[in-house]
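Note sheet for the following structure.
The values are calculated or read from the model by the stated rules, or taken from the named source; none is laboratory data. Not measured: the values here are computed from a predicted model. FYI the Cβ positions are ideal-geometry reconstructions off the backbone, even for glycines, and counts take in every protein chain you see. We work out accessible area using only protein heavy atoms, side chains counted, and drop any ligands, DNA or RNA first. Shrake-Rupley method; radii C 1.70, N 1.55, O 1.52, S 1.80 Å.
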Amino acid sequence: MLNKSQPGGRKSYSRRDFLKVTGICATALSLPLRSGSLSARENDAFFRAYVLPPLDEGVRKANQVNFILNLKRGYQSFFPGQQTATFGINQAYAGQVLRIRKGDKAVFRVNNQLGEDTALHWHGLRLPAAMDGGPHQIIPHAGSWLSTFQVRQAASTCWYHSHQHKRTGPQVYQGLAGMLIIDDEAGDALDIPKRYGVDDLPVIIQDRDFNQDGSFLYVSSMPERMHGKHGVYVLVNGAVTPTLKAKSTLLRLRVLNGSNARLYHLAFHDKRPFQVIASDGGFLDKPVTVRQQRLAVGERVEILVDVSDRREIILKSLPADAGGGMGMGMMGGMFDGEMDIMKIDARQAEVSPHKVPKTLVSPEKVDPASATVRRSMVMSMGGMMGGGGGMMGRMMGSGGGMFTINGRSMDMSRIDFSVRRDVPEIWEVGNDSPMHHPFHVHNVQFQVLDRNGGPVEVHETGLKDTVLINPREQVRILLVFRDYVDETLPYMYHCHNLEHEDQGMMGQFTVV
Ligand code: C2O
Ligand code: CU
Ligand code: CU
């Protein structure tokens with residue numbers, strides 16, 4: 001069990017307790033991979049219904065769209081008879097799905113009623129530094145923040161979440177996160193599922209632990225601080241391992257890894273193939289068929305799933321296989337076991353009017369030969385490499401120096417470097433630690449050139465804002481920052497493992 005006892009003797013709400021409460025046999029939660037229909041017991045594990053987050057399209061006047069987002073505390077029931085204290089955005093837990101169009105002027109009024117400071121970041125968006133919602137755009141309790149920007153990027157699935165300095169992990173864990181969808185004409189013109197809630201469905205995956213009293217159990221041990229928070233329960237749009245009743249035989253799932261730290265290896269229990277159609281920055285030039293898709297924290301992938309056989313299938317996360325690049329020795333398997341995510345019951349599905357298309361939309365690419373600037377970055381976990389017993393001291397102490405990029409921990413008053421607008425750069429991002437780190441850059445959708453000089457993953461052929469860096473891997477990315485300059489206000493680049501980020505694995509750059 002990954003749950004830990006609470007200091008003070010309060011017991012955590014473990015999976016065993018959960019099974020007792022619900023009367024489910026433990027084998028139901030660890031199905032072997034196979035085809036065929038599910039047993040009654042297996043079905044029981046997925047008794048909750050899939051929750052479709054309400055769509056918030058703002059209030060539109062011509063091409064200006066106004067949103068009001070109220071950040072506040074609430075309660076949500078994740079388990080029968082239990083109430084969990086949460087953070088929410090216009091609802092009890094997490095945020096609604098916001099929808100904007102390329103060409104819009106988006107206006108977000110963000111009101112903070114949480115009782116603590118926060119910041120709200122638009123992850124994946126190209127926008128002025130002052131509108132980014134990073135750690136410099138603090139919204140004090142009872143305060144309000146206005147973020148306005150022109151939407152200048154392609155149709156894609158992005159998200160928004162807390163970016164409060166050193167508090168991003170706990171705030172996102174409690175619920176400060178949601179999906180943001182961008183539409184454009186090229187996307188509208190595709191013959192693919194796009195009826196929200198019918199055949200176009202958000203799947204926001206977050207793992208959580210709970211205390212016996214129903215409250216969220218956040219980081220409670222040294223290994224968790226080091227690995228980042230991993231929970232034994234998987235929420236999809238705020239519901240624990242739910243069942244989606246498919247209304248159509250071809251489903252488009254917009255999958256967002258909104259977890260704090262967990263890496264998922266998505267696959268269906270019967271190993272059926274599915275198509276990857278989009279990554280962080282929008283569509284791939286054509287659908288690519290896979291049977292498994294890796295998704296690190298912060299990454300998004302849109303997939304098409306054919307359920308015309310009208311069965312019940314389970315979306316799972318498989319354990320990282322030996323060749324999966326984990327290679328972490330003692331750090332390995334511990335947080336990387338098999339998990340159920342959700343069931344799709346397609347028995348009542350109607351025939352989809354769509355087929356998997358041959359082509360999609362080619363992302364706008366830049367010639368790597370045009371890059372004149374090179375930077376190299378290395379993500380490290382200081383004490384672990386050097387031996388010398390520094391690790392515990394650093395983790396217990398002031399927090400400086402343990403999680404670094406190029407040997408430095410985040411400092412709000414230090415700008416690490418400046419990039420020139422419109423000048424392509426190649427960044428070589430390395431990882432000399434024994435853990436994987438999802439590397440994220442604000443205000444840009446970049447190209448992934450290679451991994452250790454070799455090929456990239458399927459979803460990395462599209463535009464990305466977050467890319468997984470495995471231990472001892474070096475990934476080269478090509479970035480161009482367009483549109484906005486600001487001599488003083490920086491953007492962030494960081495590990496999107498939120499506990500690593502909070503402990504300093506972050507830096508700042510300006511665009512000049
Ligand atoms: Cu998704 Cu700097 O964040
Ligand atoms: Cu971001
Ligand atoms: Cu990290």
Residue within the range 445-456 that is within 21 Å of Trp122 (Cβ to Cβ), surrounded by fewer than 17 Cβ atoms within 10 Å (Cβ to Cβ), away from ligand 1 (no atom under 16 Å from the Cβ) and among the acidic types (Asp, Glu) present: no
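How many residues are in a strand (DSSP E or B) and over 17 Å from Phe149 (Cβ atoms) if we restrict to the range 60-78? Break it down stepwise before answering.
Step one: list which residues in the range 60-78 are in a strand (DSSP E or B), which gives 60-61, 64-76.
If we keep only those that are over 17 Å from Phe149 (Cβ atoms) as well, we get 70-76.
Residues flagged as in a strand (DSSP E or B) and over 17 Å from Phe149 (Cβ atoms) within the range 60-78 amount to 7.
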Cβ-Cβ under 7 Å pairs, at least 6 apart or on other chains, the range 283-308 side without any contact (Cβ under 8 Å) to a residue 40 or more places away in the chain and more than 15 Å from Asp191 (Cα to Cα), far side open to solvent by 10 Å² or more (accessible area, probe 1.4 Å) and assigned to a loop (DSSP other than H, G, I, E, B): Thr289/Pro273; Arg291/Lys271; Arg291/Pro273; Gln292/Leu318
Subset of the range 438-481 (residues that are assigned to a strand (DSSP E or B) and within 16 Å of ligand 3 (Cβ to nearest atom)): Pro438, Phe439, His440, Val441, Thr466, Val467, Leu468, Ile469, Gln474, Val475
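Would a scan of the range 103-119 turn up a residue that is under 30 Å from Gly462 (Cα atoms) and in contact with a His (Cβ under 8 Å, 6 or more places away or on another chain)? Steps first, please.
Narrowing the range 103-119 to residues under 30 Å from Gly462 (Cα atoms): 103-108, 119.
Filter again for in contact with a His (Cβ under 8 Å, 6 or more places away or on another chain), leaving 119.
Yes: the range 103-119 contains one or more residues that are under 30 Å from Gly462 (Cα atoms) and in contact with a His (Cβ under 8 Å, 6 or more places away or on another chain).
Sort through Ala130, Ala142, Ala92 and tell me the only one that's in a helix (DSSP H, G or I), open to solvent by 20 Å² or more (accessible area, probe 1.4 Å) and either in contact with a helix residue (DSSP H, G or I) (Cβ under 7 Å, 6 or more places away or on another chain) or not polar (S, T, N, Q) (or both). Full working, then the answer.
Working: Ala142 fails: in a helix (DSSP H, G or I); Ala92 fails: in a helix (DSSP H, G or I).
Checking each option against the conditions leaves just Ala130.
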Subset of the range 111-136 [under 21 Å from Tyr173 (Cα atoms) and within 21 Å of the chain's Cα centre (by Cα)]: Thr118, Ala119, Leu120, His121, Trp122, His123, Gly124, Asp132, Gly133, Gly134, Pro135
Residues located in the range 417-459, provided they are within 16 Å of ligand 2 (Cβ to nearest atom) and under 24 Å from Glu224 (Cα atoms): His437, Pro438, Phe439, His440
Hey, Gly231 touching a residue at least 40 places away in the same chain (Cβ under 8 Å), away from ligand 3 (no atom under 16 Å from the Cβ), under 27 Å from Ala92 (Cβ atoms) and under 17 Å from the mean Cα position of the chain (by Cα) or not: yes
Test: residue in the range 252-267 that is open to solvent by 10 Å² or more (accessible area, probe 1.4 Å), more than 28 Å from His442 (Cα to Cα) and modelled with pLDDT of 95 or more: no
Selected residue [buried (at least 23 other Cβ atoms within 10 Å of the Cβ), within 12 Å of ligand 2 (Cβ to nearest atom) and over 25 Å from Ser413 (Cβ atoms)] from Trp122, Trp159: Trp159
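Condition first: open to solvent by 10 Å² or more (accessible area, probe 1.4 Å) and not in a loop (DSSP other than H, G, I, E, B). Now tell me which residues in the range 288-322 satisfy that. Walk me through it before giving the result.
The initial filter retains those residues of the range 288-322 that are open to solvent by 10 Å² or more (accessible area, probe 1.4 Å), namely 288-292, 294, 306, 308-312, 318-322.
Val288, Thr289, Val290, Arg294, Asp306, Glu312, listed by residue number.
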Residue in the range 484-497 that is open to solvent by less than 10 Å² (accessible area, probe 1.4 Å), in contact with a Cys (Cβ under 7 Å, 6 or more places away or on another chain) and either within 16 Å of ligand 2 (Cβ to nearest atom) or not in a helix (DSSP H, G or I) (or both) present: no
Residue check, Gly462 under 17 Å from Pro363 (Cα atoms) and more than 16 Å from ligand 2 (Cβ to nearest atom): yes
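For the range 277-286, enumerate the residues that are surrounded by 21 or more Cβ atoms within 10 Å (Cβ to Cβ), part of a strand (DSSP E or B) and not aromatic (Phe, Trp, Tyr). Break it down stepwise before answering.
From the range 277-286, those surrounded by 21 or more Cβ atoms within 10 Å (Cβ to Cβ) are 277-284; that's our starting set.
Subsequent filtering for residues that are part of a strand (DSSP E or B) retains 277-279, 282-284.
Within the range 277-286, Ile277, Ala278, Ser279, Gly282, Leu284 meet the criteria.
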Cross-chain or 6+ apart pairs with Cβ under 9 Å, the range 113-141 first and in contact (Cβ under 8 Å) with a residue 60 or more places away in the chain and more than 16 Å from Phe87 (Cβ to Cβ), then open to solvent by 10 Å² or more (accessible area, probe 1.4 Å) and within 16 Å of ligand 3 (Cβ to nearest atom): Pro135/Lys166; Pro135/Met410
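Tally time: how many residues in the range 172-186 are open to solvent by less than 10 Å² (accessible area, probe 1.4 Å) and either touching an Asp or Glu at 6+ places or on another chain (Cβ under 8 Å) or over 21 Å from Phe67 (Cα atoms) (or both)? Show your work before the answer.
Residues of the range 172-186 that are open to solvent by less than 10 Å² (accessible area, probe 1.4 Å), as a first pass: 172-173, 175-182.
If we keep only those that are either touching an Asp or Glu at 6+ places or on another chain (Cβ under 8 Å) or over 21 Å from Phe67 (Cα atoms) (or both) as well, we get 173.
Of the residues in that region, 1 qualify.
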Options Val172, Val203, Val198; residue that is more than 24 Å from Lys464 (Cβ to Cβ) and either in contact with a strand residue (DSSP E or B) (Cβ under 6 Å, 6 or more places away or on another chain) or assigned to a loop (DSSP other than H, G, I, E, B) (or both): Val198
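Of the residues Pro319, Pro287, which is touching a Gly at 6+ places or on another chain (Cβ under 6 Å) and over 15 Å from Pro202 (Cα atoms)?
Details: Pro287 fails: touching a Gly at 6+ places or on another chain (Cβ under 6 Å).
Exactly one of Pro319, Pro287 is touching a Gly at 6+ places or on another chain (Cβ under 6 Å) and over 15 Å from Pro202 (Cα atoms), namely Pro319.
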